[in-house]
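Please read the structure below before turning to the comments.
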Amino acid sequence: MLYQLHEFNRALMGPVTYLAEAGARMFTARGSWLANLPGAARLAAGYELLYRIGKDYEKPEFGIHSVETQGVRIPVVEQVAMARPFCRLLRFKRFSDDARIIDGLKQDPVVLVVAPLSGHHSTLLRDTVRTLLPDHKVFITDWIDARMVPVEQGAFTLDDYVDYIRGFIAHIGASRLHVISVCQPTVPVLAALSLMAASGEALPRSVTLMGGPIDTRQSPTQVNDLATNRPMSWFETQLIHEVPANYPGRGRRVYPGFLQHAGFIAMNPGRHINSHWDFYQDLLRGDLDDAESHRRFYDEYNAVLDMPAEYYLDCIRIVFQQHLLPRGMWQVRGERVAPEAISDTSLLTIEGELDDISGPGQTRAAHDLCVGIDPARRQHITVEGAGHYGIFSGRRWRQSVYPQVRDFIAAADSGTAARRHLRAV
């Protein structure tokens, strides 16, 4: 019923937001006589603020059309490399007609960025992908809004997530692959590699785990407290709802995006109120650069997706309440997840000093589990002054974190190649 009420309210507010958008344009359009009236700037700013608070936020585009590499700018084309009901595997294909550049591109390591299925779209990692592209062939998991997946496609569980990761790795090929997992998927990615190692499958050359809940008993955050202080029955009755009839996934049980967004806002309400007030003031002052920065951030931040109920409840139970992975008790389709089986893969963990979502130590715990990896091929980075998003997006990511990730991948790429050559000899 709550989801239906939300849709009714959205439809009711639709005309108001359209009128607010029209009002903002009328009082700012060049050549409009309304823009010359006294108080026009204040009216326009108020209308736009109302419009942005009430509008629907659709999934943004990656918008990565070119990249500079080897001293020249080359085009980038977004391609669907593999499609599954709940996720698309995207490739950002780089093109050039210069033979020298093509030879260089062919030598670049292959990277699979595993984006989180935890509210926001994979475009949240746009900066991550754009920064990686000059030096790597890049793929990313693009999770599909569960309300757009018909119920005939079946359920989607945490076990299915692990299967998807294994399937994507097999499709790309593990021989030169490096996996970067951001936030929530650090757990299923580590599980996928563990199961692959136990079954004797080829593993990626390296795995980088960034700001993820490997062991949420370490430095629990507000997110962890919410997950542990409520019984499973509370999550099932309060957060899980059926998709209304106006979507392809009608009848599917989901954790709705609008509830997730409300949770995001509730964590720091004052910060968001101040941000919108600053946006209003920027419009009044004519500070268009800062106003545009606000628009870009909230176009991404406010675009959320529905998560499949089975998957979300699995994460709460397995990751946050029972801690099955660090306790060595997690089984995926009857097979125990054993990170100690991983040996021929380099491991890098990254945490933000000020991360209020995955606390310090939660990601680093992977080193205690992956004891089969030589300590010389394991590294950890704590990014000083960085929150959760700062370790994979923004200036700190580009200038401080990425150079270390790039060098780690390069060392793992050449080191694995040398070890495999020696074994072949």
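The values are calculated or read from the model by the stated rules, or taken from the named source; none is laboratory data. Bear in mind that the values here come from a model prediction, so they are computed numbers and not experimental data. Positions of Cβ are backbone-derived with ideal geometry, glycine not excepted, and every protein chain shown enters the neighbour counts.
Numbers for the structure displayed
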{"read-out": "Filter result for residue 195 (part of a helix (DSSP H, G or I), within 17 Å of residue 338 (Cα to Cα) and under 19 Å from the mean Cα position of the chain (by Cα))", "value": "no"}
{"read-out": "Which listed residue, of 141, 186, is crowded, with 23+ Cβ neighbours inside 10 Å and under 23 Å from residue 367 (Cβ atoms)", "value": "186"}
{"read-out": "Considering residues of the range 36-54 that are without any contact (Cβ under 8 Å) to a residue 40 or more places away in the chain and crowded, with 17+ Cβ neighbours inside 10 Å only, the residue farthest from the chain's Cα centre (by Cα)", "value": "43"}
{"read-out": "Residue satisfying condition, being over 30 Å from residue 379 (Cβ atoms), in the same structural domain as residue 149 (by TED's automatic domain parsing) and surrounded by fewer than 21 Cβ atoms within 10 Å (Cβ to Cβ), within set 226, 284", "value": "226"}
{"read-out": "Residue among 160, 127, 135 that is part of a helix (DSSP H, G or I), closer than 21 Å to residue 75 by Cα and of a type in the set (D, E, K, R)", "value": "127"}
{"read-out": "Enumeration of residues in the range 174-198 that are farther than 16 Å from residue 393 by Cβ, hydroxyl-bearing (Ser, Thr, Tyr) and in contact (Cβ under 8 Å) with a residue 40 or more places away in the chain", "value": "186, 194"}
{"read-out": "Subset of the range 129-176 [among the basic types (Lys, Arg) and in contact with a Lys or Arg (Cβ under 8 Å, 6 or more places away or on another chain)]", "value": "137, 147, 176"}
{"read-out": "Residue in the range 366-374 that is outside any loop (DSSP other than H, G, I, E, B), closer than 23 Å to residue 199 by Cβ, at pLDDT 95 or above and within 20 Å of the chain's Cα centre (by Cα) present", "value": "yes"}
{"read-out": "Lone unmet requirement of (1) of a type in the set (Val, Ile, Thr); (2) at pLDDT below 90; (3) farther than 20 Å from residue 292 by Cβ for residue 74", "value": "(2)"}
{"read-out": "Count of residues meeting criterion [within 20 Å of residue 123 (Cβ to Cβ) and either at pLDDT 95 or above or surrounded by 14 or more Cβ atoms within 10 Å (Cβ to Cβ) (or both)] in the range 382-401", "value": "12"}
{"read-out": "Lone unmet requirement of (1) assigned by TED's automatic domain parsing to the domain that holds residue 146; (2) within 30 Å of residue 134 (Cα to Cα); (3) in contact (Cβ under 8 Å) with a residue 12 or more places away in the chain for residue 85", "value": "(2)"}
{"read-out": "Neighbours by Cβ (under 8 Å, 6+ apart or cross-chain): first from the range 327-339, not assigned by TED's automatic domain parsing to the domain that holds residue 192; second surrounded by 14 or more Cβ atoms within 10 Å (Cβ to Cβ) and of a type outside the set (Val, Ile, Thr)", "value": "none"}
{"read-out": "Test: residue in the range 113-121 that is closer than 21 Å to residue 297 by Cα, hydroxyl-bearing (Ser, Thr, Tyr) and at pLDDT below 95", "value": "yes"}
{"read-out": "Scan of the range 203-261 for residues that are assigned to a loop (DSSP other than H, G, I, E, B), of a type outside the set (Val, Ile, Thr) and under 17 Å from residue 320 (Cα atoms), ordered by number", "value": "211, 212, 213, 215, 217, 218, 219, 220, 229, 230, 231, 239"}
{"read-out": "Qualifying position, being at pLDDT below 95, farther than 25 Å from residue 146 by Cβ, surrounded by 14 or more Cβ atoms within 10 Å (Cβ to Cβ) and not assigned by TED's automatic domain parsing to the domain that holds residue 162, among 275, 219", "value": "275"}
{"read-out": "Subset tally (residues that are at pLDDT 95 or above, outside any helix (DSSP H, G or I) and either over 18 Å from residue 161 (Cβ atoms) or aromatic (Phe, Trp, Tyr) (or both)) for the range 304-322", "value": "0"}
{"read-out": "Criterion violated by residue 57 - all others in (1) in a loop (DSSP other than H, G, I, E, B); (2) in contact (Cβ under 8 Å) with a residue 12 or more places away in the chain; (3) exposed (fewer than 12 other Cβ atoms within 10 Å of the Cβ) satisfied", "value": "(3)"}
{"read-out": "Any pair with Cβ under 6 angstrom, 6 or more apart, that starts in the range 103-123 at a residue that is within 20 Å of residue 315 (Cα to Cα) and ends at one that is of a type in the set (Asp, Glu)", "value": "122/142"}
{"read-out": "Top-ranked residue of the range 86-115 - restricted to ones that are in a loop (DSSP other than H, G, I, E, B) and of a type in the set (D, E, K, R), ranked as surrounded by the fewest Cβ atoms within 10 Å (Cβ to Cβ)", "value": "97"}
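Table: residues versus (1) within 20 Å of residue 392 (Cβ to Cβ); (2) of a type in the set (D, E, K, R).
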| site | (1), (2) |
| --- | --- |
| 73 | no, yes |
| 121 | yes, no |
| 133 | yes, no |
| 137 | yes, yes |
| 147 | no, yes |
| 164 | no, no |
